[in-house]
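A.B. asks: Starting off with a structure, shown below.
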Amino acid sequence: MTLSGDGVDLAERLEKRLDDKDTHIYTKEKYAKETTKIIDADITSFMGRIMGEYDVLCCIMATGIVVRAIAPYLGHKSTDPGILVMDTHGDFVISLLSGHLGGANDAARLIAKRIDATAVITTGTDVKGTMAVDVLAEKIHCVIDDFTDAKDITALILNDEAIGLINEENCDLDGVTLPGNIELVADKSDIEKYAGVIITSLDTQKPEIQLSWVKLVPKKIVLGIGCRRDTPGKRIIEAIQATLDSLNLNEKGLKSLATIGLKADEIGIKEACDYFKAKKVIISNEMVQMVQSRFEASDFVFQTIGLYSVSEPCGYVASGFGECLLEKQKMNGITLSVWRAEN
């Protein structure tokens, strides 16, 4: 995005160097070319429209203009896009907003490498060469349960305090190089030697730890789901919440909802997936037939759709043949089973 002719020239050069990425150039009509899109409003209004459409926005213009334009629309670091700022000469790429979760730091480094510029990264853990809690969470496919807790632990990491990592959910740490002051806790009886603790857990209960702590929730919960036609999304969401609450499972760990092709267009299931930020997974009838003998059969379901079961076979397959945490539960036209996915 740029507001000048020089900016368009740089944007075109950058687009060529990023030919492996999906990119668009936006500028004012007076500088537009055949391949560019039009900024058809004042920059602040336009930014409000476009921030939700892209993962990363690269603004080739003055930093002050960008700060004022994005200010009214900033939400939270977990949802804001990455924002970059570049000078029209292409000398510097500044990671301005959402450096970690929004991907601005990595995007700045990539652009700098492609056009021989200097990436300007100011996040404390990057400057110090260590790792923030949100970066660790992303690397091991977790979400942060409480960002205030994460901020407190990251501050301890920056201050070189000893941090323990309790990997209750056996998250995959292969390929993750932990900073020197973060170490895996082999024996919980030694927990008092740490200034703070990072815990991977699906449990909603507070850990019995008298230290600063943050919980990282792995995206491991898979639900097998079946429902009557046109079941409202609100009812499905409430049924899922009640089911997870009964198991003390954190809904932030919900990875996917699995069902059969017949239910692929169910609006209620789609609304539930959107609400929980979960993926909808469709399991083929052939795959269900291969595993359905493992589960309780229903003649009524077979007469209706030609399969003996939906929820449990779908959850079993979608979880990578994982662990069943709850066998199918029937709730007024909604059937759910709960699974822990394999790594």
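The values are calculated or read from the model by the stated rules, or taken from the named source; none is laboratory data. Given the structure is predicted, the values throughout are model-derived calculations rather than measurements. In this analysis, Cβ positions are derived from the backbone assuming ideal geometry, glycine residues included, and neighbour counts consider all displayed protein chains.
A.B. asks: So the check is Cβ under 6 Å with 6+ separation or different chains; which pairs have a first residue in region 130-150 that's of a type in the set (A, V, I, L, M) and a second one that's in a strand (DSSP E or B) and at pLDDT 90 or above?
C.D. replies: Sorted first by the residue in region 130-150, then by its partner, the pairs are VAL133/VAL214; ALA137/ILE144; ALA137/LEU216; VAL143/VAL217; ALA150/ILE144; ALA150/VAL214.
A.B. asks: Among the residues of region 11-26, which ones are surrounded by 19 or more Cβ atoms within 10 Å (Cβ to Cβ) and farther than 14 Å from ILE38 by Cβ? Walk me through how you get there before you give the answer.
C.D. replies: Of region 11-26, the ones surrounded by 19 or more Cβ atoms within 10 Å (Cβ to Cβ) are 11, 14, 25-26.
Result: LEU14, single match.
A.B. asks: A further question on this structure: Scan region 83-105 for residues that are surrounded by fewer than 17 Cβ atoms within 10 Å (Cβ to Cβ) and either free of Cβ contacts under 8 Å to residues at least 12 places away in the same chain or touching a helix residue (DSSP H, G or I) at 6+ places or on another chain (Cβ under 8 Å) (or both) and report the count. So that I can check it myself, show each step before the final result.
C.D. replies: So in region 83-105, the residues surrounded by fewer than 17 Cβ atoms within 10 Å (Cβ to Cβ) come out as 89, 91-92.
Retained after the next criterion (residues that are either free of Cβ contacts under 8 Å to residues at least 12 places away in the same chain or touching a helix residue (DSSP H, G or I) at 6+ places or on another chain (Cβ under 8 Å) (or both)): 89.
Selection size over region 83-105: 1.
A.B. asks: Here is a follow-up. Considering only region 201-220, I want to know if a residue exists there that is within 29 Å of ASN285 (Cβ to Cβ), touching a helix residue (DSSP H, G or I) at 6+ places or on another chain (Cβ under 7 Å) and assigned to a strand (DSSP E or B).
C.D. replies: First pass over region 201-220, keeping only residues within 29 Å of ASN285 (Cβ to Cβ): 219-220.
Applying the additional criterion that residues be touching a helix residue (DSSP H, G or I) at 6+ places or on another chain (Cβ under 7 Å) yields 219-220.
Keeping just the survivors that are assigned to a strand (DSSP E or B) gives none.
No, because not a single residue in region 201-220 is within 29 Å of ASN285 (Cβ to Cβ), touching a helix residue (DSSP H, G or I) at 6+ places or on another chain (Cβ under 7 Å) and assigned to a strand (DSSP E or B).
A.B. asks: Could you tell me whether ARG235 is touching a residue at least 12 places away in the same chain (Cβ under 8 Å), within 30 Å of THR304 (Cβ to Cβ) and part of a loop (DSSP other than H, G, I, E, B)? Let's see the steps before the verdict.
C.D. replies: Values: touching a residue at least 12 places away in the same chain (Cβ under 8 Å): yes; within 30 Å of THR304 (Cβ to Cβ): yes; part of a loop (DSSP other than H, G, I, E, B): no.
Criteria not met by ARG235.
Residue-by-condition table, conditions (1) more than 28 Å from LYS277 (Cβ to Cβ); (2) in contact with a Cys (Cβ under 9 Å, 6 or more places away or on another chain):
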site: ASN105; (1), (2): no, no
site: ARG109; (1), (2): no, no
site: LYS113; (1), (2): yes, no
site: THR118; (1), (2): yes, no
site: THR123; (1), (2): no, no
site: ASP126; (1), (2): no, no
site: VAL133; (1), (2): no, no
site: CYS142; (1), (2): no, yes
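A.B. asks: Conditions first: (1) in the same structural domain as LEU74 (by TED's automatic domain parsing); (2) in a loop (DSSP other than H, G, I, E, B); (3) in contact with a Ser or Thr (Cβ under 8 Å, 6 or more places away or on another chain). CYS171 passes all but one, so which condition is the exception?
C.D. replies: It fails just one condition, (1).
A.B. asks: Of all residues in region 167-184, which are farther than 14 Å from ALA137 by Cβ and of a type in the set (Val, Ile, Thr)? Write out each step before concluding.
C.D. replies: Going through region 167-184, the residues farther than 14 Å from ALA137 by Cβ turn out to be 168, 170, 174-175, 177, 179-181, 183-184.
Listed by number, the list holds a single entry, THR177.
A.B. asks: Pairs only if they're at least six apart or on different chains, beta carbon under 8 angstrom, first in region 28-41 and among the charged types (D, E, K, R), second assigned to a loop (DSSP other than H, G, I, E, B); list them, first residue then second.
C.D. replies: That search, which allows pairs on different chains as well, returns LYS28/LEU3; LYS28/ILE39; GLU29/ILE39; GLU29/ASP40; LYS37/HIS24; LYS37/ILE25.
A.B. asks: Residues that are over 20 Å from THR204 (Cβ atoms), surrounded by fewer than 14 Cβ atoms within 10 Å (Cβ to Cβ), within 25 Å of the chain's Cα centre (by Cα) and not polar (S, T, N, Q): does region 296-312 have at least one? Reasoning before the result, please.
C.D. replies: Residues of region 296-312 over 20 Å from THR204 (Cβ atoms): 296-312.
Filter once more, so that each one left must be surrounded by fewer than 14 Cβ atoms within 10 Å (Cβ to Cβ): 296-297, 299-300, 302-304, 306.
This time we only want the ones that are within 25 Å of the chain's Cα centre (by Cα), so: none.
No, region 296-312 contains no residue that is over 20 Å from THR204 (Cβ atoms), surrounded by fewer than 14 Cβ atoms within 10 Å (Cβ to Cβ), within 25 Å of the chain's Cα centre (by Cα) and not polar (S, T, N, Q).
A.B. asks: Give me the pairs, please: first residue somewhere in region 257-277 and not assigned by TED's automatic domain parsing to the domain that holds GLU312 and of a type in the set (D, E, K, R), second residue anywhere and exposed (fewer than 15 other Cβ atoms within 10 Å of the Cβ) and in a loop (DSSP other than H, G, I, E, B), beta-carbon distance under 6 Å, and either six or more positions apart or on two chains.
C.D. replies: none
A.B. asks: Also, I was wondering about something else. Any residue in region 321-335 that is aromatic (Phe, Trp, Tyr), under 24 Å from GLU169 (Cβ atoms), modelled with pLDDT of 90 or more and surrounded by fewer than 18 Cβ atoms within 10 Å (Cβ to Cβ)?
C.D. replies: Yes, region 321-335 contains a residue that is aromatic (Phe, Trp, Tyr), under 24 Å from GLU169 (Cβ atoms), modelled with pLDDT of 90 or more and surrounded by fewer than 18 Cβ atoms within 10 Å (Cβ to Cβ).
A.B. asks: Which is within 22 Å of VAL85 (Cα to Cα), in a helix (DSSP H, G or I), more than 22 Å from the chain's Cα centre (by Cα) and not basic (Lys, Arg), of ALA119, ALA112, ALA108, ALA155?
C.D. replies: Result: ALA112 is the single residue among ALA119, ALA112, ALA108, ALA155 that is within 22 Å of VAL85 (Cα to Cα), in a helix (DSSP H, G or I), more than 22 Å from the chain's Cα centre (by Cα) and not basic (Lys, Arg).
A.B. asks: Further, regarding this structure: Of all residues in region 161-219 being basic (Lys, Arg) and over 18 Å from the mean Cα position of the chain (by Cα), which is nearest to ASP146 (Cα to Cα)? Reasoning before the result, please.
C.D. replies: Filtering region 161-219 for residues basic (Lys, Arg) gives 188, 193, 206, 215, 219.
Next cut, over 18 Å from the mean Cα position of the chain (by Cα) only: 188, 193, 206.
Numbers: LYS188: 22, LYS193: 23, LYS206: 12 Å.
Only one residue tops the list, namely LYS206.
A.B. asks: Among GLU312, GLU342, which is the only one that is acidic (Asp, Glu) and assigned to a loop (DSSP other than H, G, I, E, B)? Please lay out each step first, then the result.
C.D. replies: Working: GLU312 fails: assigned to a loop (DSSP other than H, G, I, E, B).
After ruling out the rest, the residue left standing is GLU342.
A.B. asks: Sticking with this one: Just to be sure I understand, how many residues within region 28-82 are closer than 19 Å to GLU12 by Cα, buried (at least 17 other Cβ atoms within 10 Å of the Cβ) and of a type in the set (D, E, K, R)?
C.D. replies: Within region 28-82, residues that are closer than 19 Å to GLU12 by Cα, buried (at least 17 other Cβ atoms within 10 Å of the Cβ) and of a type in the set (D, E, K, R) number 1.
A.B. asks: Anything in region 60-81 that is within 24 Å of the chain's Cα centre (by Cα) and not aliphatic (A, V, I, L, M)? List them, or say none. Write out each step before concluding.
C.D. replies: Filtering region 60-81 down to residues within 24 Å of the chain's Cα centre (by Cα) leaves 70-81.
Correct list: PRO72, TYR73, GLY75, HIS76, LYS77, SER78, THR79, ASP80, PRO81.
A.B. asks: Next up: Could you please tell me which pairs satisfy a Cβ distance under 7 Å, a separation of 6+ or placement on different chains, a first residue in region 43-69 that is free of Cβ contacts under 8 Å to residues at least 12 places away in the same chain, and a second residue that is surrounded by 17 or more Cβ atoms within 10 Å (Cβ to Cβ) and of a type in the set (Phe, Trp, Tyr)?
C.D. replies: Sorted first by the residue in region 43-69, then by its partner, the list stays empty.
A.B. asks: Residue by residue through region 15-37, note down the ones that are at pLDDT 95 or above and of a type in the set (A, V, I, L, M).
C.D. replies: Result: ILE25, single match.
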